[in-house]
Structures are given as C-alpha cells and as structure tokens.
1. If you average the sequence gap of Cα pairs under 8 Å that are 6 or more apart and divide by the length of the chain, what percent do you get for the contact order?
2. Can you list the HN-Hα couplings for the stretch 8-18, worked out from phi with the Karplus curve (6.51, -1.76, 1.60; θ = phi - 60°), rounded to whole Hz and with x for Gly and Pro?
3. Only loop residues by DSSP count here, and only those with at most 12 other Cβ atoms within 10 Å; note down the GluC sites (Glu not before Pro) in the stretch 1-50 that meet that.
4. Using only Cα atoms, find the angle between the long axis of helix 51-67 and the longest principal axis of the chain, and express it within 0 to 90 degrees, rounded to the nearest 10.
5. Give me the extension gain from Glu19 to Asp34: residue separation times 0.36 nm, minus the current Cα-Cα distance, reported in nm with one decimal.
6. Taking θ = phi - 60°, what integer Hz values does the Karplus form 6.51 cos²θ - 1.76 cosθ + 1.60 yield along the stretch 22-29, in sequence order, with x for Gly and Pro?
7. Mind ranking Phe11, Phe43 by accessible surface for me, highest first, 1.4 Å probe?
8. Just in the stretch 5-68: which trypsin sites (Lys or Arg not before Pro) are loop by DSSP and have at most 14 other Cβ atoms within 10 Å?
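The values are calculated or read from the model by the stated rules, or taken from the named source; none is laboratory data. Nothing here was measured: the structure is a model prediction, and the numbers come from that model. Counting neighbours? That spans all protein chains shown, and the Cβs are built from the backbone with ideal geometry, glycine included. Surface accessibility is based on the protein's heavy atoms, side chains included, excluding ligands, DNA and RNA. Shrake-Rupley method; radii C 1.70, N 1.55, O 1.52, S 1.80 Å.
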Amino acid sequence: MTQDVVQLDDFYVMRIHTEGKGEVRGEIIRLSEDPKHPATHLFDSPIYEDVQGLKEWAVLALQAYREG
C-alpha cells in the first residue's frame, strides 16, 4: 500500500492510500494552525477506482462537512 497527500485547501489535506488492486481510498485531515498540536483525522472516504474520482468526492464531502 502506498500513500500520497493532496492539499485540498489551506486547512485540509487528503491522505490517499493506494490498495494493491489499483483501488484508492482516502482520509480527510484538518491541519493544525499551531505546530504544537497534531492534525485531526476527520473522516475516511469510500473506495474509488481512480484518484480523480476520489479527489472529486473529497471536495464535495469537505463542502458538505463545512456546511454542517
């Protein structure tokens, strides 16, 4: 399994996990403004067949999260 990190905006990133079958999943993380405090895991994504689909999902999921 490999991991990449994609910056979604100034405060959120998505850590992408590539599975052995070519599928990808991600976790949305809120970055800390204070370097003394760790970043916060918010939620995991469903499994996608490609990174582009996962990124599109993450943008919509983050928007919904912010809107409550």
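1. Across the chain, relative contact order equals 23 percent.
2. 8, 6, 5, 10, 10, 10, 10, 8, 9, 10, 8
3. Glu19, Glu33, Glu49
4. Rounded to the nearest ten degrees, it is 30.
5. This chain segment gains 2.2 nm when fully extended.
6. x, 8, 10, 9, x, 10, 8, 10
7. I get Phe11, Phe43, largest accessible area first.
8. Lys21, Lys36
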